[in-house]
Amino acid sequence: MGTYFGNIWRGIVTILIGMGVTWRHLFTPAVTIQYPDVKVKLPERARNRLYVNMDDCIGCDQCSMACPVDCITIETVKSTPDVDLGLTSVGTKKRLYVTQFDIDIAKCCYCGLCVPPCPTECIVMTDVYEFSEFDRNNLIYNFATMMPHDVEAARTRLAAYEKDQAAKKAAAAKPAAAPSAPAVSEPPKKTPPASDNKV
Amino acid sequence: MEERMTSERTVAGFGRSLKTEEMVLSMGPQHPSTHGVLRLELVVDGEIVVDVIPHLGYLHRCFEKHCEHMTSYQQVIPYADRMDYVAAMSNEFGYVVAMEKLLKIKVPERVEYIRVIMAEFSRIVSHLIAVGTYGMDIGAVTPFLFCMRDRERVLDIFEQTCGARLLYNYMWIGGLSHDVQPNFAEKVRSFCTYFRPKLKELNDLLSYNKIFIDRTANVGVLPADVALNYAVSGPTLRGSGVRWDVRKNDPYSIYPTLDFEIPVGTGAMGTVGDCWDRYMVRVKEMEQSVNILEQAIEKLPPGDVQAALPKRIRPDAGDLYVRTETPKGELGYYLVSDGTASPFRVKVKSPCFVNLSALPAMARGSMIADVVAILGSIDIVLGEVDR
Amino acid sequence: MKEVLLGALHNDILAYVLMALVPLAWVVPFALFAVWWERKISAHMQDRLGPMRTGGWHGWAQTVADILKLIQKEDIIPAAADRKLFILAPYLVFAGSYAAYAAIPFSAAFVGSELNIGLFYIVSISALVVVGLLMAGWASNNKWSLFGAMRSAAQIISYEIPVALCLLAAVMVTGTFDMQQINQMQEGGIFHWLVFQKFPFLFLAMIMYFIGSLAEVNRTPFDIPEAESELVAGYHTEYGGMRFALLFLSEYANMFVVAAIASTLFLGGWTSPFGDFLSGPWWGVFWFLSKGMLIVFVQMWLRWTLPRLRVDQLMEVGWKVLIPFSFVVVLGVGFWVMAVR
């Protein structure tokens, strides 16, 4: 009998206590902010959309290898000694044309593993989080700045240079053999441009 | 699978038997309260549940197979986050503790303290979701919103430290990805002072509410011996009265130096091992986590969090098993290395998977509404169950 | 009001039909308002804001937008559902709740139908809702809906008893079933209201009536038939579009009916709490509606505070707690009335 009335009493008391909590909360300010009219300022370390500063990229492929979901695709073409690609902002000499640097931001898991290995700190995670697209293909970001004909030209130049180097190597191995080979005349070499090699 | 199971029953006063059928009811995979994509096949006789058969695998994402194709052990960490996505720091913690044992690295003390602070925040965050969604399953919607509001404070701290709110990639093998911000200690302390009254409010609104007690006490009783036979761990086991916590019984990191208690279910409102006990263990654990946070932030030593990061992660061939206490229970990593930089095998012993296996033992004989209560009290996250 | 219409229209049937539609002018806007109000109250209790954008000021047009959306939805009837019952069910539920408005006095000058058994009529016609719910759950051809409907039927029928007993306690004091007369007896200020008579019996009767009425309208903590987290949406899982809108409308109409009965019987209905000050036919409407809204507010407050009871616990509360206490109240009031006489 005691438990019967005890239960009823406890029921009433705990319900009233609960009602008191919700009543008090009617008058506390709401914690919601009215996005998109009001936006939260993200902290400086926020990891959202990736950005690559191509001027600094040396094409080392470290970010692509570090990525756990393989969302970065990089293709490079070696430059020839006659071309000067310049320096990065930290002073490294660039030796590779970066012909393709695609990041599939839909695959990206925003882990940030690509950021520390970069020697020039050119890949960063920004605080941009409003980048939805209507077409899925627009989520593949192409960061490389070379036009297709430049890529073609770089490849041709590399192929020519390598052929050159191979021929030179063959010729250096030959002088011990035939001293005169007038019929074989070397094709006219392209003279390099008259610019000095900047250090 | 619609087998009709008929049974003969004699109805008192009629003198003849009444043929009844058992109905097969499929709760899920799409259901508001199965905490993810879980299919529970209920065989019911009216409102009484005769059997429960969980069907898993709807969220299997081949975590362990992925790990075998990584080029580096470091890449496993973002994937490990995504197993128990509610308490991601705890998954990372287990993995890095295991890896550091494999590589025989000792990390600086500052790293240990920060890791414990993050792990306890992760415990608070996971229990807030557990408690909030449990209230929602039982019908009280308001505590869920309160828990979410408190959770946001912790997620803000996480975001300031490592840049992400839910999936962190913060604990690296040998250290951390970033050192904490200069105002970290102040933020942790202010959270602790903010949070204690909120726990009291939660107790007023939900824990001691008579209707909540009626729904959860004496429901889904899991006796201690049955719990041990099923190898359950975590609050599910402690709710049955067994005082077992990996942080005390098989300690790792700096837990031996911290002073905290292990709350255990006592059957205060019903039987030992009922849903209320499991729920209350979680609420009390949140309180203990706040104690740990306050102690750890006092003792936080200075140092460099990246001092012990190995240049190259290439463990010797061998295998080991390391377990840690996540909010869900005992998470175990069994790592097998073949001497290369790529993991050979990363096997995860998931606490939710094991706890879920005890569901039929708890739910047989209860009503359909109780199945929801029991499932909520086990606190599963399908990402970890299925991996 | 009936006389006015009869005189103006010279056509009996048209006048009666128009009279019947007058409460609709309150019910439909009230349902639209109550949904918005519930969302705002629940939001502020949960430290949120609720609807803020639709229509500008605190999203007042949110429900209007929702109704427009529901109207233009495709009408889907499950292939294996019982078509006739499926279509008929929402109308029955609405009819059951709306018919009770006939006997509720909105003001000294307006009552739909002057029945001298008004209260008896209200209690019995509300039972039509159970039939509608059962039809909805059965016709959906969905195991979960069936569960919801069966639970709902058991719950509503069980709670009719304490509800009727508490109303009976009030009737014993007033000596009449006529709602308008009951109201008139409470004129003269707040201390003439029935809730303060024969203290504490009628006060207890009001509390128990209120709890029983929560079960009648399937509100938390008795909303197991619609238990969102278990049964998806219970008996109205398969309903979409306008049919769902009608079921939703009838739920809020029902909420106001029970609130109106409580306010008429116990809180003085259209009488002013200050006696003669601020009273009159139009003031009566104002007082009546505000008291009804106050009780609806308490219903919403309870919904967002309490968890829900399991169906057997619900029955236990109804049969083992409310009914004995209502018997005590009836006996107490009965002896008191006899002793005074």
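Just so you know, all these numbers are worked out from the coordinates, no wet-lab data involved. It should be emphasised that the depicted structure is a prediction, and the values quoted were computed from it without experimental measurement. Glycine also receives a Cβ, built like all others from the backbone with ideal geometry; neighbour counts cover every protein chain displayed.
Restricting the calculation to Cα atoms, every distinct pair contributes to the Kirkwood radius of the stretch C:13-94, found to be 15.7 Å. Distance from the C-alpha centroid of the stretch C:262-283 to that of the stretch B:272-308: 58 Å, rounded to the whole angstrom. At q = 0.13, 0.15, 0.21 Å⁻¹ the log10 of I(q)/I(0) for the stretch C:26-155 amounts to -0.83, -1.01, -1.13, computed by Debye summation with a single uniform scatterer per C-alpha, solvent ignored.
Taking every residue in B:160-168 and counting other chain Cβ atoms within 10 Å of its Cβ, the average works out to 5. Among the listed pairs B:K248/B:K284; B:K187/B:K299; B:K65/B:K328, a Cα-Cα separation exceeding 21 Å is found for B:K65/B:K328. Number of Lys-Lys pairs in chain C with C-alpha atoms under 30 Å apart and a separation of 8 or more places or on different chains: 12. Judged by the ratio a/c of the largest to the smallest principal axis of the C-alpha gyration tensor, the stretch B:121-271 counts as oblate, that ratio being 1.5 or greater while a/b is no larger than b/c. Once backbone amide H atoms are built at 1.01 Å from N, B:T326 has B:L331 as its partners under 5 Å, excluding neighbours fewer than 5 places away on the same chain.
Ranked by how many other Cβ atoms sit within 10 Å of their own Cβ, fewest first, the residues A:T3, B:T142, B:T266 fall in the order A:T3, B:T266, B:T142.
Averaging Cα coordinates gives a centre for the stretch B:144-177 and one for the stretch B:189-263; these two points are 22 Å apart. Computed 3J(HN,Hα) for the stretch B:57-72, one whole-Hz value per residue from the Karplus formula 6.51 cos²θ - 1.76 cosθ + 1.60 where θ = phi - 60°, is x, 6, 10, 6, 10, 6, 4, 5, 5, 4, 4, 5, 9, 6, 8, 8, glycine and proline marked x.
Using a 10 Å cut-off around each Cβ, can you sort B:C67, A:C109, B:C275 from fewest to most neighbouring Cβ atoms? Ranked by crowding around the Cβ, least crowded first: A:C109, B:C67, B:C275. Axis of helix A:148-173 versus longest Cα principal axis of chain A: the two differ by about 40°, to the nearest ten degrees.
Taking θ as phi - 60° and the Karplus parameters 6.51, -1.76 and 1.60, the scalar couplings of the stretch C:48-61 work out to 10, 10, x, x, 10, 9, 5, x, x, 6, 6, x, 5, 8 Hz in sequence order, x denoting glycine and proline.
This model, with +1 at the C-beta of Lys and Arg and -1 at the C-beta of Asp and Glu, gives the stretch C:1-106 a dipole about its Cα centre of some 280 debye. Every Cα-Cα pair of the protein assembly as shown was included, and the share exceeding 57 Å stands at 27 percent.
Across the alpha-carbon atoms of the stretch B:71-355, the computed radius of gyration and Dmax are 18.9, 59 angstrom. Among C:S279, A:S132, the ranking by other beta carbons within 10 Å of each residue's beta carbon, starting with the fewest, stands as A:S132, C:S279. Membrane-span-like helices of chain C, defined as complete DSSP H segments with a Cα extent of 20 Å or more along the helix axis and a mean Kyte hydropathy of at least 0.0, are identified as C:12-45, C:83-99, C:143-174, C:201-216, C:241-265, C:281-303, C:323-340. Quick check: the angle from helix B:142-162's long axis to the longest principal axis of chain B, C-alpha only, nearest 10 degrees? So the inclination is approximately 20 degrees. Axis of helix B:88-103 versus longest Cα principal axis of chain B: the two differ by about 50°, to the nearest ten degrees. Note on the stretch C:157-172 and the stretch C:123-148: Cα centroid distance 23 Å, given to the nearest whole angstrom. Pull out a ≥ b ≥ c, the square roots of the eigenvalues of the alpha-carbon gyration tensor of the stretch A:50-148, then state rounded if a/c is under 1.5, prolate if not and a/b is larger than b/c, and oblate in the remaining case. Here the stretch A:50-148 falls in the prolate category. Evaluated on the stretch B:182-287, the Kirkwood hydrodynamic radius is 15.2 Å, with distances taken between all distinct Cα atoms.
At q = 0.15 Å⁻¹ the log10 of I(q)/I(0) for the stretch C:81-340 amounts to -1.04, computed by Debye summation with a single uniform scatterer per C-alpha, solvent ignored. A helix-only calculation puts chain C at -21500 deg cm²/dmol for mean residue ellipticity at 222 nm, using -39500 (n - 2.57) for each DSSP H run of at least four residues, averaged over all residues. Calculated mean residue ellipticity at 222 nm for chain A: -9500 deg cm²/dmol, from DSSP H runs with n ≥ 4 weighted as -39500 (n - 2.57), summed, divided by the residue count and rounded to 500. For the peptides B:134-140, B:344-350, residues were scored by their other Cβ atoms within 10 Å and the scores averaged per peptide; the highest-first order is B:134-140, B:344-350.
Here's how it looks for A:A144: its modeled amide H is under 5 Å from those of A:F101, which are all 5 or more places away or on a different chain.
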